[in-house]
1. Pick from Thr186, Thr254: which is open to solvent by 10 Å² or more (accessible area, probe 1.4 Å) and under 12 Å from the mean Cα position of the chain (by Cα)?
2. Determine the pairs where a residue that is touching a residue at least 40 places away in the same chain (Cβ under 8 Å), located within segment 20-36, has a partner that is small (Gly, Ala, Ser) with Cβ atoms under 9 Å apart, the partner being 6 or more residues away or on another chain.
3. Among the candidates Leu267, Leu249, which residue alone is away from the ligand (no atom under 14 Å from the Cβ), open to solvent by less than 20 Å² (accessible area, probe 1.4 Å), within 23 Å of Ser102 (Cβ to Cβ) and modelled with pLDDT of 95 or more?
4. Please work out which one of (1) touching a Phe, Trp or Tyr at 6+ places or on another chain (Cβ under 7 Å); (2) closer than 19 Å to Ile210 by Cβ; (3) among the aliphatic types (A, V, I, L, M) is the condition Ala123 fails and give its number.
5. Checking the condition farther than 27 Å from Asn191 by Cβ, of a type in the set (A, V, I, L, M) and open to solvent by less than 50 Å² (accessible area, probe 1.4 Å), which residue from Ala272, Ala322, Ala317 passes?
6. Taking segment 115-137 as the region of interest, how many residues are more than 16 Å from the ligand (Cβ to nearest atom) and in contact with a Pro (Cβ under 9 Å, 6 or more places away or on another chain)?
7. Restricting the first residue to segment 92-114 and requiring it to be modelled with pLDDT of 95 or more and open to solvent by 20 Å² or more (accessible area, probe 1.4 Å), which pairs with a second residue that is outside any helix (DSSP H, G or I) and away from the ligand (no atom under 14 Å from the Cβ) meet a Cβ separation below 6 Å and a spacing of at least six or different chains?
Amino acid sequence: MSTTFSDYGQRFAELNSIGQLMHDIALSGDQVKMLGGGNPALIPEVMQAFREQFAALAQDEALTYVMGRYSGPEGDRACLEALAEYFQSRGWPVQPENIVLSNGSQNAFFCLFNLLCGPRQGAMRKLLLPITPEYIGYDDSPIHPGSIVSRRPEIALIGERFFKYRLDLDLHIADDIGALCVSRPTNPTGNVIDDQELELLRQSAAAKGIPLIVDNAYGAPFPNIMAEDIETPWQPGMIMCMSLSKIGLPALRTGIIVADVEIADALRSMNATMNLAPSNLGPAIITPLLRSRKIDALCEQHIRPYYRERTQRALAALEQYAGELPWRVHQPEG
Ligand code: PLP
């Protein structure tokens, strides 16, 4: 007997792009070396710091509540307050009411894309990716097929070996666009659109009265896998998506979304419908690290140097083994 799925159901029942990637990642190991997508690195000093947090939590009375009580649909209150205080100390104009937690940022993109894009009053609102290539995980997130549109980049050649994708500055945003989304740094290229490009996107979105979603999964302040010191504070009109995954906690599935209160409230309702509440475990581990600012030391002393060294090693290997070939790689910026 074959199951009759709805039109939406059929879309999700088929193995999609991100489903294939996650399937491959789960099978990877000694035999299969993933050269594209993969798990974040298990950096010994960082894992040791997390193990210490887990050990402290295991001895703490609070664990009973972490495990035994749902948080509100916006996420653990103590974590939201610690995040707001942490971001404020870095100059972000953020209150706890601007922040919602999710079960990973992938989950947040599903919610955001479907809140902002899709059919409305007989017409179709679309998500615009203003520069591509972009993160494959966006592709299947909108429930309605055909609701993502994208723009090609300009390509700048840099030196003998590098190139860089640049935003096409002739950015016309049609009336049917419901939101813009850009990852910064970008997976898969390591591109970081510069401050002027980001400002152009912000102003263009504001002029249309639509949000600019910035996927900061690899950006600053954490995990800060960035070649340059670039941190862009959240501003009203922007939706900043962050994650604990790339600091080394992908399996705790914790995403952090900073947005205007109206959008944060909508995400909270969607969280309740989809998950009742986000997990408490990631928040319980990260809250002390935010309060003590130890998270900054982990990023600066271990995570950032680790990926910088890996980048140099990959470039050196390319030169060593394929130096004769006419290749270029995207300038590694994040
Ligand atoms: N955004 C980008 C650019 C990513 O590369 C990933 C995962 O690889 C995600 C978001 C989603 O990460 P998570 O759902 O683990 O927070």
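The values are calculated or read from the model by the stated rules, or taken from the named source; none is laboratory data. Everything numeric here is computed off the predicted structure, so don't read it as measured data. Counting neighbours? That spans all protein chains shown, and the Cβs are built from the backbone with ideal geometry, glycine included. Heavy atoms of the whole protein, side chains included, go into the accessibility calculation; ligands, DNA and RNA do not. Shrake-Rupley method; radii C 1.70, N 1.55, O 1.52, S 1.80 Å.
1. Thr186
2. Leu21/Gly36; Leu21/Gly37; Leu21/Gly137
3. Leu267
4. Condition not satisfied by Ala123: (1).
5. Answer to the check: Ala272.
6. 5
7. Asn114/Ile143
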